1. From the list Gly18, Gly31, pick out the single residue that is touching a Ser or Thr at 6+ places or on another chain (Cβ under 8 Å), part of a loop (DSSP other than H, G, I, E, B), open to solvent by less than 50 Å² (accessible area, probe 1.4 Å) and touching a residue at least 12 places away in the same chain (Cβ under 8 Å).
2. Give segment 96-135 a look and list any residue that's without any contact (Cβ under 8 Å) to a residue 24 or more places away in the chain and closer than 12 Å to Ala63 by Cβ, or say none.
3. Any idea which of (1) of a type outside the set (S, T, N, Q); (2) under 26 Å from Asp180 (Cβ atoms); (3) open to solvent by less than 10 Å² (accessible area, probe 1.4 Å) is the one Phe116 doesn't satisfy?
4. Which residue out of Glu51, Glu55, Glu65 is outside any loop (DSSP other than H, G, I, E, B), crowded, with 22+ Cβ neighbours inside 10 Å and either over 18 Å from the mean Cα position of the chain (by Cα) or acidic (Asp, Glu) (or both)?
5. Check segment 81-95 and report whether any residue there is among the polar types (S, T, N, Q), open to solvent by 40 Å² or more (accessible area, probe 1.4 Å) and free of Cβ contacts under 8 Å to residues at least 12 places away in the same chain.
6. Have a look at Arg148, Arg142, Arg215 and point out the one that is at pLDDT below 90, surrounded by fewer than 19 Cβ atoms within 10 Å (Cβ to Cβ), assigned to a helix (DSSP H, G or I) and over 15 Å from the mean Cα position of the chain (by Cα).
7. Given the criteria outside any loop (DSSP other than H, G, I, E, B), at pLDDT 95 or above and touching a His at 6+ places or on another chain (Cβ under 8 Å), does Ala102 qualify?
8. If I go through segment 164-195 residue by residue, how many of them are within 19 Å of Gly45 (Cβ to Cβ), among the aliphatic types (A, V, I, L, M) and surrounded by 22 or more Cβ atoms within 10 Å (Cβ to Cβ)?
Amino acid sequence: MIRIDPHIHTVYSGDARGTPRDVLKRASHVGLDAVAIADHNTMKGSWLAMEDSAEFGVTVVPAVELSTSAGHIVALGVQEEIKRGLTPAETLDEIHSQDALAIIPHPFVRYRKGLFVNERNLRVDAVETLNSRYIVGYSNWRARKFARKRGIPEIGASDAHFVEAVGSSFTIVESENTADDIIEGIKRGRTRPEGRRTPLPLIVREVINKKIIGRMRNDI
């Protein structure tokens, strides 16, 4: 049994704080066995984390959070970059062509580009039913209900944009601590989401951080 936080952001997302090394150090400190850095539309953070994983004793599963034409998909276990802006079906085909997993993060949250707000009849491999960045928990409840009705494996993740939030929610997977075995364990549904909400002060910091970044971009 291993503990993995499969949805973490770094500076390479453009809206997060913390380097890949910062994430690995935090993951080791809080007792995670594995992580997946799923930056927005780039694998740079994931690749850098893979280079340093042995130093921190934390397995890194390569990943990316892709912006499709209808919402976000986390590709877990991919080895090559996938183009952003494709349709969900095209994105799923690209992910599966690499024998990777398509995980739907925050599926019913409209303001965070939840894919199931727009499309639901898709061949996905897992659904994020415990995302730490919630306020009242309704969206997690709805995602859990949807996944269980359709028999889709459930994932817990921090969706951390600050290092302090890494591991706030995670997934227990019945597997060995290798990237390939973790992928196989999730695919077979040997998962259990666990964790808690991201502390509210961190969520507030994130909102402020994004507004500042947005203003800076508008000024350029």
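The values are calculated or read from the model by the stated rules, or taken from the named source; none is laboratory data. Computed from a predicted structure; not experimentally measured. Note that we place each Cβ from the backbone using ideal geometry, even for glycine, and neighbour counts take in every protein chain shown. Protein only, heavy atoms only, side chains kept; ligands, DNA and RNA dropped before computing areas. Shrake-Rupley method; radii C 1.70, N 1.55, O 1.52, S 1.80 Å.
1. Numbers: Gly31 fails: touching a Ser or Thr at 6+ places or on another chain (Cβ under 8 Å).
When all the criteria are applied, what remains is Gly18.
2. Gln98, the sole residue that qualifies.
3. Unmet condition: (2).
4. Details: Glu51 fails: crowded, with 22+ Cβ neighbours inside 10 Å; Glu55 fails: crowded, with 22+ Cβ neighbours inside 10 Å.
Testing whether each residue is outside any loop (DSSP other than H, G, I, E, B), crowded, with 22+ Cβ neighbours inside 10 Å and either over 18 Å from the mean Cα position of the chain (by Cα) or acidic (Asp, Glu) (or both) leaves just Glu65.
5. Taking segment 81-95 and keeping what is among the polar types (S, T, N, Q), we get 87, 91.
Then drop every residue that is not open to solvent by 40 Å² or more (accessible area, probe 1.4 Å), which leaves 87.
Now drop any that are not free of Cβ contacts under 8 Å to residues at least 12 places away in the same chain, which leaves none.
Scanning segment 81-95 turns up no residue that is among the polar types (S, T, N, Q), open to solvent by 40 Å² or more (accessible area, probe 1.4 Å) and free of Cβ contacts under 8 Å to residues at least 12 places away in the same chain.
6. Numbers: Arg148 fails: at pLDDT below 90; Arg142 fails: at pLDDT below 90.
Exactly one of Arg148, Arg142, Arg215 is at pLDDT below 90, surrounded by fewer than 19 Cβ atoms within 10 Å (Cβ to Cβ), assigned to a helix (DSSP H, G or I) and over 15 Å from the mean Cα position of the chain (by Cα), namely Arg215.
7. Details: outside any loop (DSSP other than H, G, I, E, B): yes; at pLDDT 95 or above: yes; touching a His at 6+ places or on another chain (Cβ under 8 Å): yes.
Against the criterion (outside any loop (DSSP other than H, G, I, E, B), at pLDDT 95 or above and touching a His at 6+ places or on another chain (Cβ under 8 Å)), Ala102 qualifies.
8. Looking only at that region, the number is 3.
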